[in-house]
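Inspection log for the structure reproduced underneath, given as structure tokens.
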Amino acid sequence: MSISEQLRHLHLPGMLAAHEEQLQDPRFQELSFEERFGLIVDREWIKRQNARQERLLRAAKLRLQAAPEDVDLGVPRGLDRGLFLSLCEGEWVRRHQNVLITGPTGVGKTFIACALGHAACRQGLTARYHRVGRFLAELTVAMGDGTYPRLMDTLARVNLLILDDWGLDPLSGAQGRALLDLLDDRAGRTATLIASQLPFDHWHGVIDNPNVADAVLDRLIHSSHRIALTGPSMRTQPTMKEVMPHSERTSPPHP
């Protein structure tokens, strides 16, 4: 059995591609064995890392295909360049901290949240995006069909949980307690990102039970980074890069 066949049977496609490339290009003969073998191993490593990142991004189910480099840091909207670039490194996720993003409609909250989720996946961390309204509906269904404990256990182990559109609708008592259960399981163990149109000082009124609201906010605000975006909607700007899904951004404009 040839080396190529062995690599194929061992499921090492990166090493196989690099090996065959070296056989076909005589310039590789000028390199030492260690250099050639290093290039082969590097190809497999990169292929596996890329595959892992793709799996993490698919599992994250980010609403927008936003990468950190797609975020326009030149737009005046209260986004601190240093803070954003620091958050993209993912250390806040590993330290089990939170990020709270507020701002008016269209200013780029969801785009920035998804970009930070993308950055976490690049770091090999798990992420999951949810819109709060649908997310709470899923929790309610899970309470009724017996899957609630398993769902909560799964959510508790995600490195970064992104909850978007916080505060669009008030939370019932049961919804508030379910959210508190989840945040209590995650506090100090994982990271959470919340994006909302409501200013921070209005978040308490979203939950009808003030005691539950106090407990929820205590777990969110503790060890959190706050980003308060300002300015007009980016949908009115000449470029739509940040507010449109990737599929729409790549389509030609309508006449």
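In segment 124-139, is there at least one residue being on the phi > 0 side of the Ramachandran plot, surrounded by 15 or more Cβ atoms within 10 Å (Cβ to Cβ) and either of a type in the set (Val, Ile, Thr) or assigned by TED's automatic domain parsing to the domain that holds Leu193 (or both)? Walk me through it before giving the result.
Here is the first cut: in segment 124-139, the ones on the phi > 0 side of the Ramachandran plot are 124.
Filter again for surrounded by 15 or more Cβ atoms within 10 Å (Cβ to Cβ), leaving none.
No, segment 124-139 has no match at all.
Taking the options Ile227, Ile194, name whichever one is farther than 22 Å from Leu180 by Cβ and either outside the structural domain of Leu168 (by TED's automatic domain parsing) or of a type in the set (Val, Ile, Thr) (or both). Spell out how you get there, then give the answer.
Working: Ile194 fails: farther than 22 Å from Leu180 by Cβ.
Of the residues listed, the single one that is farther than 22 Å from Leu180 by Cβ and either outside the structural domain of Leu168 (by TED's automatic domain parsing) or of a type in the set (Val, Ile, Thr) (or both) is Ile227.
In segment 1-37, what residues are closer than 22 Å to Gln49 by Cα and either among the hydroxyl-bearing types (Ser, Thr, Tyr) or not in a helix (DSSP H, G or I) (or both)?
Those that are closer than 22 Å to Gln49 by Cα and either among the hydroxyl-bearing types (Ser, Thr, Tyr) or not in a helix (DSSP H, G or I) (or both): Ser4, Leu10, His11, Leu12.
Being part of a helix (DSSP H, G or I) and closer than 30 Å to Ala228 by Cα is the requirement here; does Gly74 meet it? Please lay out each step first, then the result.
Details: part of a helix (DSSP H, G or I): no; closer than 30 Å to Ala228 by Cα: yes.
Answer is no for this residue.
State all residues of segment 157-176 that are more than 26 Å from Thr105 (Cα to Cα) and buried (at least 17 other Cβ atoms within 10 Å of the Cβ); if no residue qualifies, say none.
First pass over segment 157-176, keeping only residues more than 26 Å from Thr105 (Cα to Cα): 157-159, 173-174.
Within segment 157-176, Val158, Asn159 meet the criteria.
Would you check if Arg43 is in contact (Cβ under 8 Å) with a residue 60 or more places away in the chain and either crowded, with 20+ Cβ neighbours inside 10 Å or not in a loop (DSSP other than H, G, I, E, B) (or both)? So that I can check it myself, show each step before the final result.
Working: in contact (Cβ under 8 Å) with a residue 60 or more places away in the chain: no; either crowded, with 20+ Cβ neighbours inside 10 Å or not in a loop (DSSP other than H, G, I, E, B) (or both): yes.
No.
Here is a check on your reading of the model: is Thr105 polar (S, T, N, Q), out of contact with any helix residue (DSSP H, G or I) (no Cβ under 8 Å at 6 or more places or on another chain), assigned by TED's automatic domain parsing to the domain that holds Phe200 and within 28 Å of Thr230 (Cα to Cα)? Break it down into steps so the answer makes sense when it comes.
Values: polar (S, T, N, Q): yes; out of contact with any helix residue (DSSP H, G or I) (no Cβ under 8 Å at 6 or more places or on another chain): yes; assigned by TED's automatic domain parsing to the domain that holds Phe200: yes; within 28 Å of Thr230 (Cα to Cα): yes.
Yes.
Considering only strands (runs of 3 or more DSSP E) fully contained in segment 112-199, which possess at least 2 residues that are over 27 Å from Gly74 (Cα atoms)?
Numbers: elements: 127-131, 160-166, 191-196.
Hits in segment 112-199: 127-131.
Give the number of residues within segment 53-66 that are part of a loop (DSSP other than H, G, I, E, B) and closer than 15 Å to Leu125 by Cα. Steps first, please.
Within segment 53-66, the subset part of a loop (DSSP other than H, G, I, E, B) is 61-66.
Next, only the ones that are closer than 15 Å to Leu125 by Cα stay: 61-62.
Total meeting the criteria: 2.
Among (1) surrounded by fewer than 18 Cβ atoms within 10 Å (Cβ to Cβ); (2) within 25 Å of Glu89 (Cα to Cα); (3) not aromatic (Phe, Trp, Tyr), which single condition is Ala191 missing?
It is condition (1) that Ala191 fails.
I want to confirm something. Restricting to segment 63-110 and keeping residues that are of a type in the set (A, V, I, L, M, F, W, C) and within 20 Å of Leu168 (Cβ to Cβ), which single residue is surrounded by the fewest Cβ atoms within 10 Å (Cβ to Cβ)? It would help to see each step written out before you state the result.
The initial filter retains those residues of segment 63-110 that are of a type in the set (A, V, I, L, M, F, W, C), namely 64, 66-67, 71, 73, 75, 79, 83-85, 87-88, 92-93, 99-101, 107.
Checking which are within 20 Å of Leu168 (Cβ to Cβ) leaves us with 64, 99-101, 107.
On the way: Leu64: 22, Val99: 23, Leu100: 20, Ile101: 24, Val107: 25.
Among those that are of a type in the set (A, V, I, L, M, F, W, C) and within 20 Å of Leu168 (Cβ to Cβ), it is Leu100.
The values are calculated or read from the model by the stated rules, or taken from the named source; none is laboratory data. Keep in mind the model is a prediction, meaning the values are calculated, not measured. Cβ coordinates were reconstructed from backbone atoms using ideal geometry, including for glycine residues, and neighbour counts include every protein chain displayed.
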